[in-house]
Amino acid sequence: MAHIIVFGNEKGGSGKSTTCMHTATALVRSGQRVGVLDLDLRQRTFTRYLENRIDYGNRHGVELPTPEVMGLPKVDRSELAEGENPFDKSLSRAVAALEEKVDFIVIDCPGSHTRLSQVAHSLADTLVTPLNDSFVDFDLLARIDPDSGKILGPSVYSEMVWHARQLRAKAGLKPIDWIVLRNRLGAQEMHNKRKMGQALEDLSKRIGFRVAPGFTERVIFRELFPRGMTLLDLKDIGIANLNLSNIAARQEVRDLIRSLNLPSIEVAI
């Protein structure tokens, strides 16, 4: 069975597709067979990222390690059983087709609540939730008392993850390993940053996720997208002399992959 990694966050702008792309590329570079699914049927940021990568390699004659992209197959209504959802059927078929030939399936969910995203979360062996270092984004996970800072209870996204965990338990599947990434961190230590860190640590004990460092806010992540590149590809495209910021950013990618605790992975990046 392929190990399924789902990147989910119902709020956009958290760097989810960038993190997803770097993870998938790192796995391919580590010798793994990787298939990817983009469930954001409207924006298709992850798909565009991969299309840019393939186009760049073709135009410049560069062979870049790239995961296998699969679109969601169309499902005819006549194929559905009574009460069966076409999105469920389509996603199940895509996952089944990939599982026959890959070690890992990486799924990028949209920044909103959809049926496809809900089903994908229940399939996750590893769930990664990139989160901007802001209490605006923290509200997605939990409600917090504005005066005391105490956590009042889980919010909408946490409840959806809890439901996915219940479905997996009923099906006899292993629990989801849920990781919340503190993404787009500022370089300076600030009071809000410390408060966010403490709030996440407190919440992690209550609803069961691990906290891991994500990516610092850097211009290079935005510059790489049009060429479909990641920080792991710089030498392949002729950038041998990295500046200190790029070296630090590449180390963040290595740290991210290690924090996922994936089976049988040697981080050769």
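Values quoted throughout were computed directly from the atomic coordinates according to the rules given, and no laboratory measurement underlies them. Here the structure is a predicted model, which means the values were calculated and not measured. For neighbour counting, all protein chains shown are included, and Cβ atoms are generated from backbone atoms with ideal geometry for every residue, glycine included.
Modelling each spin label as a point 7 Å along the Cα-to-Cβ direction, I'd like the SER134/ASN192 distance in nm, to one decimal.
0.8
So what J values fall out for the range 69-76 if you push phi through Karplus, 6.51 cos²θ - 1.76 cosθ + 1.60 with θ = phi - 60°, rounded to Hz, Gly and Pro as x?
9, 10, x, 6, x, 6, 10, 7
Can you give me the long-range amide H partners of ARG143? Hydrogens built in the peptide plane at 1.01 Å from N, cutoff under 5 Å, separation of 5 or more residues or another chain.
The answer is LEU152, GLY153, SER155.
Taking the Cβ of LEU37 as the center, what net charge do the other residues with Cβ under 13 Å away carry, scoring Lys and Arg +1 and Asp and Glu -1?
With Lys, Arg at +1 and Asp, Glu at -1, the net is -3.
In which sequence would ILE207, ILE220, ILE239 go, from the one with the fewest C-beta neighbours within 10 Å to the one with the most?
Going from sparsest to densest Cβ surroundings: ILE239, ILE220, ILE207.
Is there a pair in LYS150/LYS193; LYS11/LYS193; LYS150/LYS174; LYS11/LYS195; LYS16/LYS101; LYS16/LYS150 whose C-alpha atoms are over 23 Å apart, and which pairs would that be?
With Cα atoms farther than 23 Å apart: LYS150/LYS174; LYS16/LYS101; LYS16/LYS150.
Dividing the alpha-carbon Rg of the range 40-139 by 2.2 N^0.38 Å yields what?
Against the compact-globule rule of thumb, the ratio is 1.29.
Non-local amide H neighbours of HIS3 (under 5 Å, H modeled in plane, Pro and chain starts lacking H): which ones?
Those lying under 5 Å, H to H, from HIS3 are PHE104, ILE105.
Only helices at least 18 Å long along their own axis, judged from Cα atoms, and with Kyte-Doolittle mean hydropathy of -1.0 or greater: name those in the chain from DSSP H.
16-29, 86-99, 156-170, 244-259
Using the Cβ atoms and a cut-off under 14 Å, what net charge is assigned to the surroundings of LEU50, where Lys and Arg are +1 and Asp and Glu are -1?
-3
Hey, fewest Cβ within 10 Å first, where do TRP178, TRP162 land in order?
TRP162, TRP178
Could you work out the per residue convex hull volume over the alpha carbons of the range 206-262, in cubic angstrom?
Normalising the Cα hull of the range 206-262 by residue number yields 113 Å³.
Please report the spacing between the Cα centers of the range 136-205 and the range 7-61 in Å, no decimals.
If you average the Cα positions of each part, the centres end up 24 Å apart.
Going by how many other beta carbons lie within 10 Å of each one, how would you line up CYS109, CYS20, fewest first?
Starting with the residue having the fewest Cβ neighbours, the order is CYS20, CYS109.
Residue by residue through the range 139-149, what is 3J(HN,Hα) from phi via Karplus (6.51 cos²θ - 1.76 cosθ + 1.60, θ = phi - 60°)? Round to whole Hz and write x for glycine and proline.
4, 5, 8, 7, 8, 10, 6, x, 8, 8, x
Please say if the range 1-63 is rounded, prolate or oblate, where rounded means a/c under 1.5 for a ≥ b ≥ c the square roots of the C-alpha gyration tensor eigenvalues, and otherwise the choice is prolate for a/b larger than b/c and oblate otherwise?
oblate
Counting helices only, and only those DSSP H runs with n ≥ 4, report the 222 nm mean residue ellipticity of the chain as the sum of -39,500 (n - 2.57) divided by its residues, in deg cm²/dmol to the nearest 500.
-13000 deg cm²/dmol, from helical runs alone.
If I take every Cα pair under 8 Å that is 6 or more residues apart in the chain, average their sequence separation and divide by the length, what percent do I get for the relative contact order?
So the answer I get is 26 percent.
Using per-residue counts of other Cβ atoms within 10 Å, averaged over each peptide, order 44-51, 147-154, 3-10 from highest down.
By packing density, highest mean first, the sequence is 3-10, 44-51, 147-154.
Mind computing the radius of gyration and Dmax over the alpha-carbon atoms of the chain? Å is fine for both.
18.7, 60
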